[in-house]
Amino acid sequence: MNKTYIIIQREFLSRVQKKTFVLTTILLPLLIFGFYALIIYFSVKGNDDLKVAVADHTGLLKDKLENSESVQFTFVEEKDPAVLQQSLKERKYNGYIIVPAGFTAQKGDSLVYASNSNVGLMTKEKIERRINKAYEKIRLQPLLAPGVSIKAVDSTRAEIALQVSKEGGKSGSTGFAYVLGFASGILIYMVLLIYGTMVMRGVMEEKTNRVAEVMISSVKPYQLMMGKILGIGAVGIVQFFIWGVLIMALQMLLPLFFPEMVDQAIQQQGSMPAMTNAAQQPGMLQELTKNLNNTNIGMIAGLFILYFFGGYLLYSALFAAVGCAVNEDPQDAQQLMFPIMMPIIFSFVIMTQALNNPDGGLALFGSLFPLTSPIVMMARLPYGVPGWQIFLSIALLALGFLGTAWLAARIYRTGILMYGKKPTWKEMWKWAFTK
C-alpha cells in the first residue's frame, strides 16, 4: 500500500507541477467566461429594434399590426418605392413593405420586404409572424358579435405553465431538469474520455521509454497500475474543483461588466417603490432560484463526484490495459480503444432517451448497468430517482470497477513488458485468464 501511495503521489505531483496544468486549469474557465461574456455582449448591444416602414394601400393593417420588442412597424403615407428606398439609404428604416391595393392575403399570396442588407431567417420569420397575426385579426373581426373587440378575444387566451410534481416530491421545471441532467451527463462523458485517455497515454509513455521495466522490479504490476489510475484521478478532481470555483467567481462578476443587462431585466419586470428584493430580480433569475430551491443540488453534486470517480476508475482500468498492450504506433491504440469507446457512446445515446423518459425501461437499465450508469444516472437525477436505484447503481458500479480492475491487472502484468508485437483482443483475453 505504501508503494501504491508513492506512485499516486508521483503521478499527481508530476502533472500538477507542469506549466500546462496551470495554464489549462486557469485559462479554460477564462476562455469559457470570455465566450459567455461575448454572447451576452452581442445579445445586449446587438439587440437593436428592427424598424420597418409599411406603405399600406388597403388601409387594413392600421392598428392591427402590432410592434414587438425586436420589430417596430411605422405606417408611412409615402407610397413611392424610390422615396422609400432613399429613406433606407438615410438609415431611417431597416426595410419597407408595400401592401398593394386590393391585397386580400389569400393563401399563396406574398409581400415584398425591401432592404439594403441581407435578411436572416429569424428576422424574416418575425416579420411574417406579425403580418399573419394582423390578417388573422382582420378576418376574425366580422365574425365577432357587436361590441366585442379583438382585444377582448385576446384576453381570453390562457397561457398556463405546467409544473410537474412527483408524489411525495417537490415540484419543479422539467426544462430545468432537462438542462441540468444533460449538462451533468455531458461532463461525465467528457471526464471518461479525457482522463481515461490520459491514463492510457501515461502507460504508453512509460512503456515506450522503458521506465516501466525499472518500476516493475520494485513494485507489482497491479500496484503500478492502480497508483497511476488513482494519481491521475486525483488530478482530475482537483482540476474540476478549481474550474468550478473559478467559473462561479467569474459568473458573479457578470453584473459588473454588463450592468445594463440587469437594468433591462428589472425594467421588464416593472419597478415599484414597495417591491421587495426578490421581486426586483430578473424573471429568469427568479425562475432559476425557484428551480434551485426545488432541486437537491447538494445531493446531485455529491453523486456527481461519486459517479465521476467511479466511472473514471472503471474505464481508466480498461484504458490502462490498452495502453500497456500497444507499442509506439498510435493506430494500434485507436483500434483497441474502439470496444471501450462503444459503451461510452451507447451511454450518450441512452442519456438522450432518458432525458425524455426518465422512468422508462431503457433509462433504468442504463442507470444500473456499470458501463453506462455514470452518464445515464446523472441525466436522471434532476428528475428524482428512488433511493434503492441509486444505491443499487453505485453497488453495481463498484463491482464493475473491481471486475475491470482485476481483468486489466491480469493484462497489465503481461502487456507492460511485451515489446515488438501487435496484440489482438484474443491475445489480451489469454493474458487475462492465463495463470
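The values are calculated or read from the model by the stated rules, or taken from the named source; none is laboratory data. Quantities reported herein were computed from a predicted structural model and do not represent experimental measurements. Here the Cβ is made from the backbone with ideal geometry for all residues, glycine too, and neighbour counts use every protein chain on show.
Couple of notes before you dig in:
- The residue of the range 112-133 that is modelled with the lowest pLDDT, among those that are part of a loop (DSSP other than H, G, I, E, B) and touching a helix residue (DSSP H, G or I) at 6+ places or on another chain (Cβ under 8 Å), is ASN116.
- Residues in the range 395-431 that are surrounded by fewer than 18 Cβ atoms within 10 Å (Cβ to Cβ) and at pLDDT 80 or above: ALA395, LEU396, ALA398, LEU399, LEU402, GLY403, TRP406.
- The range 12-23: number of residues that are surrounded by 15 or more Cβ atoms within 10 Å (Cβ to Cβ) and either farther than 10 Å from ILE232 by Cα or modelled with pLDDT under 80 (or both): 1
- Hey, VAL119 within 35 Å of the chain's Cα centre (by Cα), more than 24 Å from SER149 (Cα to Cα) and surrounded by 12 or more Cβ atoms within 10 Å (Cβ to Cβ) or not: yes
- The residue of the range 97-116 that is surrounded by the most Cβ atoms within 10 Å (Cβ to Cβ), among those that are in contact with a Leu (Cβ under 9 Å, 6 or more places away or on another chain) and closer than 13 Å to GLU128 by Cα, is ILE97.
- For the range 318-331, the condition holds for no residue, the condition being that it is buried (at least 20 other Cβ atoms within 10 Å of the Cβ) and within 19 Å of the chain's Cα centre (by Cα).
- Tabulated pairs, the range 101-113, first assigned by TED's automatic domain parsing to the domain that holds GLU136, second hydroxyl-bearing (Ser, Thr, Tyr), C-beta under 7 angstrom, 6+ apart or interchain: ALA101/THR58; PHE103/THR58; ALA105/TYR135
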